[in-house]
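For reference, the structure discussed in these notes is given below.
The values are calculated or read from the model by the stated rules, or taken from the named source; none is laboratory data. Just so it is clear, the structure is predicted and the values come from calculations on it, not from any experiment. With ideal geometry, Cβ positions are generated from the backbone for all residues, glycine too; neighbour counts draw on all protein chains shown. Ligands, DNA and RNA are excluded from the accessible area calculation, which covers all protein heavy atoms including side chains. Shrake-Rupley method; radii C 1.70, N 1.55, O 1.52, S 1.80 Å.
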Amino acid sequence: MKISLKLLLSTIVVLALALGFSGFYFVNYVFETSLAREVGQAADESSILGFAFETAVLNVPARYSVLPDSTVEEIASKLERGGRGTSRLIRIADEQKEVLHTSDGFVADEQLLQQTWTDTKSYRVIETPDGYYVHTCAAVNSLGRILYLETMKDVSDVFTERAMGFSLYRKVTLVILLIGTGIMHLIASLLTKPIRLLTRATRRMADGDYEYRARQVSSDELGQLTRDFNVMANALEENIEKLEEENEAKEEFMGAFAHELKTPLTAIIGYADLLRSRKLDEEKSFLSANYIYTEGKRLEAMSFRLLDIIVAKREEADLSQVHTVEIFEYLRNMFAEENRGMRFEISYDDGIVWAEVNLIKTVLVNLIDNACKASETGSTVRIRGRWHDAGYRFEIEDEGIGIPVKEQRKITKAFYMVDKSRSRSKNGAGLGLALCEEILKIHNSELTIQSEQGKGSCIGFTLEGIR
């Protein structure tokens, strides 16, 4: 069952119960008030009739020492006709509660009479075939006789009004419930609109539309829920995009890895088959063996690089204080010996950095190696170390081919090469920068790239240090 329908039904039930109880209480209160008023009037009339009866007895001739029954009946008849346009319903009984006079239409039984004594007045409300009456009974002292005077007052109008009140209130309650149902349906619809919008959003997202967002239509708790849902959806979309990018990167990695394996393996298998199937002269045999050796070394280097990347991803760096002079002297000695047909300019500020020295040396060697591969023979590679506000910054600058802007965010992916033919010709596999990226992550740093096609590149990173 929908929450709007639950809210509507709950409200209607509460409203119906409230109207029912309040209506019953109100109509019954009016009825009891009216009935009490009629009972009071009946008691007053009974007292007046008793007083009138006693007064009439006083006018009886003195020759009677005891009031005769005939005189009682005569007085009762006069009292009976003394009503304003209507006949009173009275009944008079003697001391033994034997009835002496009864008005036409007086249908009450003698139960109240038997319960009344000289010092009591009593009444009750009775129902007859003709309607409802207030039945009273009181003792009257007349010329030494104790008589009992009973009256009946018609109060059928009070009961009729109660029935009409209940009938009217039922109709009013029904109308109010119908109107309330319409109003509550509108209110429930408005209150649950954010929930419907959230439900629609979850279904759209479940169907794969991760860009869909729930529209916020209120500023209450449901509005806050909508905002939180949209924040969650944004985070979910980002995670899905990240997963898709990672999946795409894995597919690209596998494709590139297979391709990088295929090229040297094809050469190795081809030249090995040539050596196996034919008798070659010494020069061709040497060239074939050299191709096999070169491609084998390339596979070996690629496997070592992949292993380094895996280790770097899992490693937690044990950082220590390293003097910058130690790092730059290592680079000076290493590349001065190899030369590689390049000019190296090394400049640095003295200081101490927090690093795992062997890993940082690996990063710098890879960056310098890439700079050499991207540059022509005789070009200059500048190796710098400078203090900045953020820490100690290492930079490797070359005069090579440069990196297009759209390629810069991809170059740290494994096997990615801007110029594949140039990299392969220099025994590259596109793993160096991927390794650097993983090593710098465990140093809480990252590569920054400044490059312009045809003019060279400047790649650097920053470490925390002490001047």
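Checked against the criterion of being surrounded by 11 or more Cβ atoms within 10 Å (Cβ to Cβ), over 25 Å from Phe159 (Cα atoms) and modelled with pLDDT of 90 or more, the range 25-35 has no qualifying residue. So in the range 355-366, with the set limited to residues that are among the hydrophobic types (A, V, I, L, M, F, W, C) and within 15 Å of Ser445 (Cα to Cα), which one is surrounded by the fewest Cβ atoms within 10 Å (Cβ to Cβ)? Here the answer is Val357. The lone criterion from (1) modelled with pLDDT under 85; (2) open to solvent by less than 40 Å² (accessible area, probe 1.4 Å); (3) assigned to a helix (DSSP H, G or I); (4) farther than 28 Å from Glu244 by Cα left unmet by Ser218 is number (3). Identify all residues within the range 77-95 that are open to solvent by less than 30 Å² (accessible area, probe 1.4 Å), at pLDDT 85 or above and either over 20 Å from Tyr133 (Cα atoms) or assigned to a loop (DSSP other than H, G, I, E, B) (or both); write none if there are none. Residue satisfying the conditions is Asp94 alone.
Gly180 satisfies every condition listed in (1) surrounded by 15 or more Cβ atoms within 10 Å (Cβ to Cβ); (2) farther than 19 Å from Thr11 by Cα except (2). Here Asn141 clears all of (1) part of a strand (DSSP E or B); (2) surrounded by 17 or more Cβ atoms within 10 Å (Cβ to Cβ) except the condition numbered (2). Inspection of the range 96-108 finds no residue satisfying the criterion of being part of a helix (DSSP H, G or I), open to solvent by less than 30 Å² (accessible area, probe 1.4 Å), of a type in the set (S, T, N, Q) and under 19 Å from Ala56 (Cα atoms).
For the range 226-274, filtering for residues that are under 29 Å from Asp209 (Cβ atoms), modelled with pLDDT under 85 and of a type in the set (Lys, Arg) leaves 1.
Checked against the criterion of being touching a strand residue (DSSP E or B) at 6+ places or on another chain (Cβ under 9 Å), buried (at least 17 other Cβ atoms within 10 Å of the Cβ) and in a loop (DSSP other than H, G, I, E, B), the range 45-65 contains not a single residue that satisfies it.
So that you can scan it fast, the table gives a plain yes or no per residue for (1) closer than 30 Å to Arg91 by Cβ; (2) among the β-branched types (Val, Ile, Thr):
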site: Lys6; (1), (2): no, no
site: Ile12; (1), (2): no, yes
site: Gly23; (1), (2): no, no
site: Tyr29; (1), (2): no, no
site: Glu32; (1), (2): yes, no
site: Ile48; (1), (2): yes, yes
site: Ala52; (1), (2): yes, no
site: Val66; (1), (2): yes, yes
site: Thr71; (1), (2): yes, yes
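When each of Ala434, Ala390, Ala414 is tested for being within 29 Å of Glu300 (Cβ to Cβ) and at pLDDT 65 or above, the lone residue that passes is Ala434. Across the range 350-380, the number of residues qualifying as aliphatic (A, V, I, L, M) and either over 19 Å from Asp318 (Cα atoms) or touching a Pro at 6+ places or on another chain (Cβ under 9 Å) (or both) comes to 5. Within the range 1-16, the presence of at least one residue that is open to solvent by 90 Å² or more (accessible area, probe 1.4 Å), assigned to a loop (DSSP other than H, G, I, E, B) and closer than 30 Å to Ile195 by Cβ is confirmed.
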